[in-house]
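Scroll down for the structure; my scribbles are underneath it.
The values are calculated or read from the model by the stated rules, or taken from the named source; none is laboratory data. From a predicted model like this one, the values you see are computed outputs, not experimental measurements. In this analysis, Cβ positions are derived from the backbone assuming ideal geometry, glycine residues included, and neighbour counts consider all displayed protein chains.
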Amino acid sequence: MAVKKILVVGAGNMGAGIAQLCAQQGFDAVLSDISLDFCTKAKERIDKGLQKRVEKGKMEDSERVAILSRIALAGDLTPARECDFVIESVLEQIEIKRKVFTQLDEMAGKDVIFCTNTTSLPISEIAEATRRPEKVVQMHFFNPPTIMKLVEIMPGKKTAPETIKAAEEMAKLLGKDPVVCKNEAPAGIVSRVLGQLLNEATWLAESGVAEPADIDKAMKLGANHPMGPFELLDLIGLDVHRAKMQTLAAALNDPRYKHPKIVDKLIEEGRLGKKVGKGFYDYE
Ligand SMILES: NC(=O)c1ccc[n+]([C@@H]2O[C@H](COP(=O)([O-])OP(=O)(O)OC[C@H]3O[C@@H](n4cnc5c(N)ncnc54)[C@H](O)[C@@H]3O)[C@@H](O)[C@H]2O)c1
C-alpha cells in the first residue's frame, strides 16, 4: 500500500489529533471540515500542543514547523480527489456519516480505502452509503490519538479481508498497535467495556451516593485507574458518551445501557466536557 496523502474528515477533538498523528508519522494530511474556520482553529490547537512540547525540550522547533507544513486544510471534501486514504471522524450521527461517505465515494479514486472512527455506529450502515462497501472499515482511535497506542479495527459485513489488512498496516505505519475484531458489534471492545463503567459512575452520581470528584478519587486510588471516570467523560465529551450509550441500548436492546438524567442535564446546559471548557468539571 503506497499511501502518501491522507484525508481526515472532521476537525474536532479526534480528527485534529489524527491529522497531527499522520503528519508526525511523515504523511501529508488534509484536514477537512464543513468550514475552513473550524480547520484553522484545529490547526491552531495542534500548534499550541506542539509548542508546549518544544518548550519542554521534547521536540525541536524545526520539527514542529515540518509537522505543521504537512497539514493542509479544506472547508469541503474536494481533496478526496487527490488523497490515497481517508479517515472520517465527523460527528457521531449516522445520517451525517452516511452523507459524508456518499460524497467521498463520488470524489475519491476507486481503490481508496475509507475508514471510520465511529465509536458505536454500525460500520455496514455507513459502508452501504457508498458503492465500495468492501473498502470501508472501522479504524477506531483513542483519545488523544497522538498518545494512545491502540487502534481497534472492525469490519462491516462486506469489508474485504485486504481492506482489514490495509487498515492494520496503516495503523502500524501510524505507530499504533492494532487489535482486529472478527465481527461487527456495536462499540467494539474498549468503548463497550469502558462505556459501561462510565455509565455506572454517572448512575452513582445521579443517585447521590458520592460526588463526581470523590468517585474519581476512589477509582484512582482504589482501582489504580490513571484517570477518574468523570475526568475521562469530560475528555471524551458527554455528547459522544451519551450517543454511544444510546446506540448500545438500541442495538443490544438491553436496559443496562440506559444513561441517567444527570448526563442529559449537563448536555442541555452545554457542559459537553473539556472541548468547551466545562463538563462535570470547570476548565476555564
Ligand atoms: N471523543 C473521543 O474520545 C472519541 C474517541 C474515539 C472515537 N471518537 C469518534 O470520533 C468521531 C468524532 O468525535 P469528536 O470527539 O472528534 O467530535 P467533535 O464534536 O469534537 O468533532 C466533530 C467534527 O465533525 C465536524 N463535522 C460535522 N459534520 C461534518 C461534515 N458533514 N463534514 C465534515 N465535518 C463535519 C464538526 O464540525 C466537528 O468539527 C465520532 O464518531 C466519535 O464517536 C471519539
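Quick notes
- Exactly one residue out of D264, D239, D234, D214 is assigned to a helix (DSSP H, G or I) and surrounded by fewer than 13 Cβ atoms within 10 Å (Cβ to Cβ): that is D264.
- Considering residues of the stretch 187-211 that are hydrophobic (A, V, I, L, M, F, W, C) and closer than 30 Å to E134 by Cα only, the residue surrounded by the most Cβ atoms within 10 Å (Cβ to Cβ): A187
- Residues (in a loop (DSSP other than H, G, I, E, B) and more than 10 Å from the ligand (Cβ to nearest atom)) located in the stretch 131-166: R131, R132, T146, I147, K149, G156, K157, K158, T159, A160
- Leading residue by the ranking (farthest from the ligand (Cβ to nearest atom)) among those in the stretch 1-17 that are under 12 Å from D33 (Cα atoms) and small (G, A, S): A16
- Selection count where residues are over 19 Å from the mean Cα position of the chain (by Cα), charged (D, E, K, R) and under 22 Å from A129 (Cβ atoms), scope the stretch 148-186: 3
- Of residues in the stretch 157-177 being touching a Ser or Thr at 6+ places or on another chain (Cβ under 9 Å) and basic (K, R), the one surrounded by the most Cβ atoms within 10 Å (Cβ to Cβ): K158
- Test: residue in the stretch 80-87 that is surrounded by fewer than 16 Cβ atoms within 10 Å (Cβ to Cβ), basic (K, R) and under 18 Å from V3 (Cα atoms): yes
- Residue list for the stretch 222-254, restricted to those being touching a helix residue (DSSP H, G or I) at 6+ places or on another chain (Cβ under 7 Å), without any contact (Cβ under 8 Å) to a residue 12 or more places away in the chain and either under 17 Å from A187 (Cα atoms) or of a type in the set (G, A, S) (or both): A249
- Qualifying residue in the stretch 69-77 (condition: of a type in the set (D, E), within 20 Å of the chain's Cα centre (by Cα) and over 26 Å from K274 (Cβ atoms)): yes
- Some residue of the stretch 116-127 being at pLDDT 95 or above, in a strand (DSSP E or B) and not acidic (D, E): yes
- Residue within the stretch 8-31 that is on the phi > 0 side of the Ramachandran plot, under 19 Å from the mean Cα position of the chain (by Cα) and surrounded by 14 or more Cβ atoms within 10 Å (Cβ to Cβ) present: yes
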